[in-house]
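Here is the structure we will look at, set down as structure tokens.
The values are calculated or read from the model by the stated rules, or taken from the named source; none is laboratory data. This is a predicted model, so every value here is computed, not measured. Here the Cβ positions follow ideal geometry from the backbone for every residue, glycine too, while neighbour counts run over all protein chains shown. Protein only, heavy atoms only, side chains kept; ligands, DNA and RNA dropped before computing areas. Shrake-Rupley method; radii C 1.70, N 1.55, O 1.52, S 1.80 Å.
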Amino acid sequence: MTLIRALGILLVSIALLAPLSRGSPTGEGPGMRALQALIASAPSGATLRVPQGVYTGPIVIDKPLTLISEGAVLDGQGQGTIVRVTAPDVMLKGFVLKNSGRSLAHEDSAILVEAPRAIIEENTLSDVLFGIYLKDAPGSVIRRNKIVGLDVSEAERGDAIRVWYSSDVLIQENETYNARDAIIWYSQNVSVWGNRFVGGRYGIHLMYAQEIRIEENALLKNFVGIYAMYSRGVTIAKNLSLGHRGPSGYGIGLKDSDSVSVAENVIADNSVGVFVDNSPSAPETPVVFRKNLFAYNETAVMMLPSVRGDLFTENSFIENFEHVGIAGGGQLVGNLWERNFWGDYLGYDADGDGLGDLPYKSERLVEDLLDRHPQMKLFLYSPAIQALEFAARALPIFQPQPKLIDPQPLMTPVLPTLEFARAASLRSGMPQAATGWLLFVGISLIIGFGWGVVRWLIPHPLLPSPSKGRGAGGEGEIVVRGLTKRFGHVIAVENLSFTVRAGEALALWGPNGAGKSTVLHCLLGLLRYDGAIALDGLDPHRQGKEVRRLLGFVPQQIQIPDDFTVGEALLFFARLKGVLREAVPPVIQRLGLDKFLHKRIGTLSGGMKQRVALAIALLGDPPILLLDEPTASLDTQTRKEFLQLLNELKSSGKTLIFSSHHHNEILAVADRVLVLEQGRLVQIEHIDGRGVSELL
Amino acid sequence: MTRRAFLVALVAVSLSGCQASRERPPQIRYGRDRCAQCGMIISEARFAAAYLTREGTWRSFDDIGDMLAFSKAHREDVAVFWVHDYEGEAWLKADSAFFVKSSELHTPMGHGIVALGDRERAEQLARQVHGSVFTFTELLGQR
């Protein structure tokens, strides 16, 4: 049997090569006819290796075959479907398919499969109306294909992937751009894993589907990231849903869907993070949201007032304009909110169990008005809205009924992103795309902003009073008094006090475990601490947003998805920081990144990545830069260049605080050194022309 | 102009305005506007539908079946139902259109109903997709 198959492969390869050796089979017909004829003459189960060349469509595969491209291009010439599979057990691998027909009525596709168990793998599809269409094709696999839709208006596009009455299907690690949807109709047991859906209508769209797993996908800038409609038994886990701001603008939408689990997703920068309409449709089929991160959405969760039976637990709501909205106004009843982290929680945790001692109540007057009158969003961020907020705070009689009550909110955010991303890395079969994406957003929250949780309302008596504007003691001044940070029984930093003048460079020096990074994280407002910190007179906890505008942070190694370009990364962070696009080019120029804008992060050297990290920290021109061992992973030459950059920034008046192990780094940049040992300050040294060699 | 004449003219203008808006087909922004029933973005003209209430409110739909479901659920006072021709560019008044219903017609919400301007074309399509032909009154009666 094996011999026959090998002979089949050999004969077919020779036969294919013969016509092609006279030239590429382009033009009308002959190439495709040759290919079609070979398919006709090939024994069932044979493997055809299709040599380089352009073949014109259409082609029909009507017997079990494996077709492997060795550089073959299948051109539909704008007519109909390019490849139609009508037999089971067909594999199509490595082809370029382009120019399908344009008829929505005929659903012209690049690849139409109408039989079970097809494997469509590693193909590149461009200028196609529908990409891969499984029609009654159970047991099929769509893996590692790249699909680019037509450059036409949204209304004229077809679906990148369509699964129709096809159960037990795997859709894995594909990329789609500018198509309509990846849609799954009337199918069961479909797994959508590790894909990237960009610029479509609905990234993933479920219609009357059951037992669907959607995991570790990146959904970027579609109209809606994931929309589950009339579906049941849906798991949506560990996905990144980002930048959905067009019509609808939902990160995830649920309509009339039951038994849905939404867990450990990062849902950021959307008009609406999650939209819920009549899901679940019955109380015995609940919808559960667990350990998701909702950040920088206009509204994190928008629900219709009729929704009942949703459970929200251990989610983190951070820096959303509105954490929970009610479409059309009204009251939410019959849903549970348990142990979520709310970035604007004002309570305390006296017994230290990690849970707030007062319930969290969502009851902003402005939110209530926006829910009932969405057109008021025109005035978002305007003085009128601020005046309303002020009035509501001053006169609580204006406050509406709370939309929800979380009896025991979490005091610190859950970072599922980082946890599961690490787990994914350890599994390691997975390319770091999804892992990187998720780390990226988690880290971006830290780099860009910090958590900024409001905790203390009384200023520390040893600190200067906050100024009305920036710069109580000059722009970029830092005052730390009695800073103490404990992790359980371990004291990481003990009673530390120091002052950094505006424009000064301070190094934190000491062995591992000395407390250097902890100090930086306290300054960023990432950790709760005892004592007091003031940056330009502002408290990182009490005035988190204002303080974050003063700060740029460069970590030891920045985590940005490898497939982001430098330009995309900078624009993304600029948007998160609320920095105007016009402010980005000067930073690019300042750090010499002009020639690298289109380079993908994954292709950059360590030094260049740190340069990008520094650029991100400089967006918004903050007066203070915090750097955590910024050159630890750099070689000598790149370190030298990076230090030169830091010196230039210092000369321009930036205040720098950086931790380091390298004495030459300290000598090159710092004005003073704080020597830490087991969390305590043991020495402060000034650095002058003679250096501090005896110290180091 | 006397006061009475002015009022008569005003009423006449108002009535003709109402009549004109009833004759004006829907203006749907494909790829932007959302279906009143399901909330999905209305993408394909050939499946679209809409109605105008007597109060002058437009409701737009991505699927004729969604329009039927919505009108049944909300029982609004409808002045005119519109459906888009499946095979052409025209809007048709629903009461003068012919509808083909078949599970082989892949409409956005899966109702499998499309509209055509004449019975002959409708019957031809119904034969192709193994469906049946209905009038709008018949469809309303089914729901």
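Can you tell me which residue in region A:57-104 is most open to solvent (accessible area, probe 1.4 Å), limited to those that are on the phi > 0 side of the Ramachandran plot and out of contact with any Asp or Glu (no Cβ under 9 Å at 6 or more places or on another chain)? Quick ask: steps written out before the conclusion?
So in region A:57-104, the residues on the phi > 0 side of the Ramachandran plot come out as A:71, A:77-78, A:80, A:89, A:94, A:99.
Pick out the ones that are also out of contact with any Asp or Glu (no Cβ under 9 Å at 6 or more places or on another chain) and you get A:71, A:89.
Numbers: A:G71: 42, A:D89: 72 Å².
Of everything passing the filter in region A:57-104, A:D89 is most open to solvent (accessible area, probe 1.4 Å).
Just the residues that are in a strand (DSSP E or B) and more than 14 Å from chain B (Cβ to nearest Cβ), please, taken from region A:163-177. Give the steps one after another, and end with the answer.
Step one: filter region A:163-177 for residues in a strand (DSSP E or B), giving A:163-164, A:169-172, A:175-177.
Passing the criteria: A:V169, A:L170, A:I171, A:Q172, A:E175, A:T176, A:Y177.
Looking only at residues that are charged (D, E, K, R) and over 19 Å from A:L508 (Cα atoms) in region A:615-639, which one is nearest to the chain's Cα centre (by Cα)? Before you say what the answer is, go through the steps one by one.
Within region A:615-639, the first condition is being charged (D, E, K, R), and the residues that meet it are A:621, A:628-629, A:635, A:639.
Now narrow it down to the ones that are over 19 Å from A:L508 (Cα atoms): A:621, A:635.
Numbers: A:D621: 24, A:D635: 30 Å.
Only one residue fits best here, namely A:D621.
With the structure loaded, tell me whether A:E322 is crowded, with 18+ Cβ neighbours inside 10 Å and on the phi > 0 side of the Ramachandran plot or whether it fails that test.
Numbers: crowded, with 18+ Cβ neighbours inside 10 Å: yes; on the phi > 0 side of the Ramachandran plot: no.
No; evaluated as a whole, the condition is false for this residue.
If we keep just the residues of region A:234-254 that are under 18 Å from A:N320 (Cα atoms) and part of a strand (DSSP E or B), which is nearest to the other protein chains (Cβ to nearest Cβ)?
At the first step, the residues of region A:234-254 found to be under 18 Å from A:N320 (Cα atoms) are A:240-246, A:248-253.
Those still in the list that are part of a strand (DSSP E or B) too: A:240-242, A:250-253.
Values: A:L240: 22, A:S241: 17, A:L242: 19, A:Y250: 9, A:G251: 15, A:I252: 13, A:G253: 8 Å.
Filtering region A:234-254 for residues that are under 18 Å from A:N320 (Cα atoms) and part of a strand (DSSP E or B), the one nearest to the other protein chains (Cβ to nearest Cβ) comes out as A:G253.
Considering (1) more than 20 Å from B:G31 (Cα to Cα); (2) within 14 Å of chain B (Cβ to nearest Cβ); (3) of a type outside the set (K, R); (4) open to solvent by 10 Å² or more (accessible area, probe 1.4 Å), say which one A:W185 fails and leave the rest.
(4)
Go through region A:329-338 and report how many residues are surrounded by 13 or more Cβ atoms within 10 Å (Cβ to Cβ) and at pLDDT below 85. Let's see the steps before the verdict.
Within region A:329-338, the first condition is being surrounded by 13 or more Cβ atoms within 10 Å (Cβ to Cβ), and the residues that meet it are A:329-330, A:332, A:335-338.
Of the ones still in play, those that are also at pLDDT below 85 are A:329-330, A:332.
Of the residues in that region, 3 qualify.
It is to be established whether one or more residues within region A:101-111 are farther than 15 Å from A:D75 by Cβ and away from chain B (no Cβ under 13 Å).
Scanning region A:101-111, I find no residue that is farther than 15 Å from A:D75 by Cβ and away from chain B (no Cβ under 13 Å), so the answer is no.
Pull up region A:608-655, narrow it to residues that are surrounded by fewer than 20 Cβ atoms within 10 Å (Cβ to Cβ) and of a type in the set (S, T, Y), then point me to the one that is farthest from A:L551 (Cα to Cα).
Result: A:T636.
Of all residues in region A:112-136, how many are out of contact with any Phe, Trp or Tyr (no Cβ under 8 Å at 6 or more places or on another chain) and either of a type in the set (S, T, N, Q) or more than 14 Å from every other protein chain (Cβ to nearest Cβ) (or both)? Break it down into steps so the answer makes sense when it comes.
If we filter region A:112-136 for residues that are out of contact with any Phe, Trp or Tyr (no Cβ under 8 Å at 6 or more places or on another chain), which is where we start, we get A:114-122, A:125-132.
Restricting the remaining residues to those that are either of a type in the set (S, T, N, Q) or more than 14 Å from every other protein chain (Cβ to nearest Cβ) (or both) gives A:115-122, A:125-128, A:131-132.
Final tally of qualifying residues: 14.
Name the residue that is nearest to the other protein chains (Cβ to nearest Cβ), counting only residues in region B:21-32 that are open to solvent by less than 60 Å² (accessible area, probe 1.4 Å) and at pLDDT below 90.
Checking each candidate, the answer is B:G31.
Considering only residues that are part of a loop (DSSP other than H, G, I, E, B) and within 14 Å of chain B (Cβ to nearest Cβ), look in region A:196-228 and name the one that is most open to solvent (accessible area, probe 1.4 Å).
First, pick out the residues of region A:196-228 that are part of a loop (DSSP other than H, G, I, E, B): A:199-201, A:208-209, A:216-217, A:221-223.
Still in the list and also within 14 Å of chain B (Cβ to nearest Cβ): A:199-201, A:208-209, A:222-223.
Numbers: A:G199: 19, A:G200: 10, A:R201: 25, A:Y208: 74, A:A209: 1, A:N222: 4, A:F223: 22 Å².
Looking at residues that are part of a loop (DSSP other than H, G, I, E, B) and within 14 Å of chain B (Cβ to nearest Cβ), I get A:Y208.
Residues checked against (1) hydrophobic (A, V, I, L, M, F, W, C); (2) touching a Lys or Arg at 6+ places or on another chain (Cβ under 6 Å):
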| residue | (1), (2) |
| --- | --- |
| A:V566 | yes, yes |
| A:V587 | yes, no |
| A:D594 | no, no |
| A:H598 | no, no |
| A:T603 | no, no |
| A:G607 | no, no |
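Among the residues in region A:265-287, are any assigned to a strand (DSSP E or B), open to solvent by 20 Å² or more (accessible area, probe 1.4 Å) and more than 14 Å from every other protein chain (Cβ to nearest Cβ)?
In the first step, residues of region A:265-287 are kept if they are assigned to a strand (DSSP E or B); the result is A:266-268, A:272-277, A:287.
Going one step further and asking which of them are open to solvent by 20 Å² or more (accessible area, probe 1.4 Å), we end up with A:275, A:277.
So of that shortlist, the ones also more than 14 Å from every other protein chain (Cβ to nearest Cβ) come out as none.
No, because not a single residue in region A:265-287 is assigned to a strand (DSSP E or B), open to solvent by 20 Å² or more (accessible area, probe 1.4 Å) and more than 14 Å from every other protein chain (Cβ to nearest Cβ).
Considering only residues that are in a loop (DSSP other than H, G, I, E, B) and without any contact (Cβ under 8 Å) to a residue 40 or more places away in the chain, look in region A:297-313 and name the one that is most open to solvent (accessible area, probe 1.4 Å).
To start, the set of residues in region A:297-313 that are in a loop (DSSP other than H, G, I, E, B) comprises A:297-298, A:304-309.
Now narrow it down to the ones that are without any contact (Cβ under 8 Å) to a residue 40 or more places away in the chain: A:304-309.
Numbers: A:L304: 43, A:P305: 43, A:S306: 71, A:V307: 2, A:R308: 108, A:G309: 25 Å².
Looking at the filtered set, the residue picked out is A:R308.
Could you give me the residue pairs with C-beta distances under 6 Å whose first residue belongs to region A:268-283 and is assigned by TED's automatic domain parsing to the domain that holds A:R232, whose second residue is open to solvent by 30 Å² or more (accessible area, probe 1.4 Å) and among the hydrophobic types (A, V, I, L, M, F, W, C) wherever it lies, and which are 6+ apart or on separate chains?
Every condition considered, the pairs that remain are A:D277/A:L304.
Which helices (runs of 4 or more DSSP H) sit wholly inside region A:530-594 and have at least 2 residues that are open to solvent by less than 10 Å² (accessible area, probe 1.4 Å)?
Numbers: elements: A:544-550, A:566-577, A:584-590.
Hits in region A:530-594: A:544-550, A:566-577.
If A:E314 passes every condition in (1) more than 24 Å from the chain's Cα centre (by Cα); (2) at pLDDT 90 or above but one, which one does it miss?
Failed condition: (1).
List the number of the failed condition for A:K135; all other conditions in (1) more than 26 Å from the chain's Cα centre (by Cα); (2) open to solvent by less than 30 Å² (accessible area, probe 1.4 Å) hold.
Every listed condition holds for A:K135 apart from (2).
Take the residues in region A:339-355 that are touching a residue at least 60 places away in the same chain (Cβ under 8 Å) and exposed (fewer than 15 other Cβ atoms within 10 Å of the Cβ), then tell me which one is nearest to A:L293 (Cα to Cα).
Within region A:339-355, the first condition is being touching a residue at least 60 places away in the same chain (Cβ under 8 Å), and the residues that meet it are A:339-349.
Filter once more, so that each one left must be exposed (fewer than 15 other Cβ atoms within 10 Å of the Cβ): A:346, A:348.
Details: A:L346: 20, A:Y348: 22 Å.
Per the stated criteria, the residue is A:L346.
Does A:F294 satisfy the condition of being within 14 Å of chain B (Cβ to nearest Cβ), within 28 Å of the chain's Cα centre (by Cα) and either without any contact (Cβ under 8 Å) to a residue 12 or more places away in the chain or part of a strand (DSSP E or B) (or both)?
Details: within 14 Å of chain B (Cβ to nearest Cβ): no; within 28 Å of the chain's Cα centre (by Cα): yes; either without any contact (Cβ under 8 Å) to a residue 12 or more places away in the chain or part of a strand (DSSP E or B) (or both): yes.
No, not satisfied.
Given the residues A:S231, A:S257, which is the only one that is in contact with a Pro (Cβ under 8 Å, 6 or more places away or on another chain), within 14 Å of chain B (Cβ to nearest Cβ) and buried (at least 24 other Cβ atoms within 10 Å of the Cβ)?
Numbers: A:S231 fails: in contact with a Pro (Cβ under 8 Å, 6 or more places away or on another chain).
None of the others qualify; the one that does is A:S257.
Looking at A:G194 and the list (1) under 19 Å from A:S103 (Cβ atoms); (2) touching a residue at least 40 places away in the same chain (Cβ under 8 Å); (3) not hydrophobic (A, V, I, L, M, F, W, C), which single condition is not satisfied?
All conditions are met except number (1).
Residues of region B:88-102 being surrounded by 15 or more Cβ atoms within 10 Å (Cβ to Cβ) and either within 14 Å of chain A (Cβ to nearest Cβ) or not basic (K, R) (or both), which ones?
Hits for region B:88-102 are B:W91, B:L92, B:A94, B:A97, B:F98, B:F99, B:V100, B:S102.
For region A:105-123, give me each residue that is among the acidic types (D, E) and either crowded, with 24+ Cβ neighbours inside 10 Å or under 17 Å from A:L150 (Cβ atoms) (or both). Talk me through it step by step, then tell me what you get.
From region A:105-123, those among the acidic types (D, E) are A:107-108, A:114, A:121-122; that's our starting set.
A:E107, A:D108 - these are the residues of region A:105-123 that are among the acidic types (D, E) and either crowded, with 24+ Cβ neighbours inside 10 Å or under 17 Å from A:L150 (Cβ atoms) (or both).
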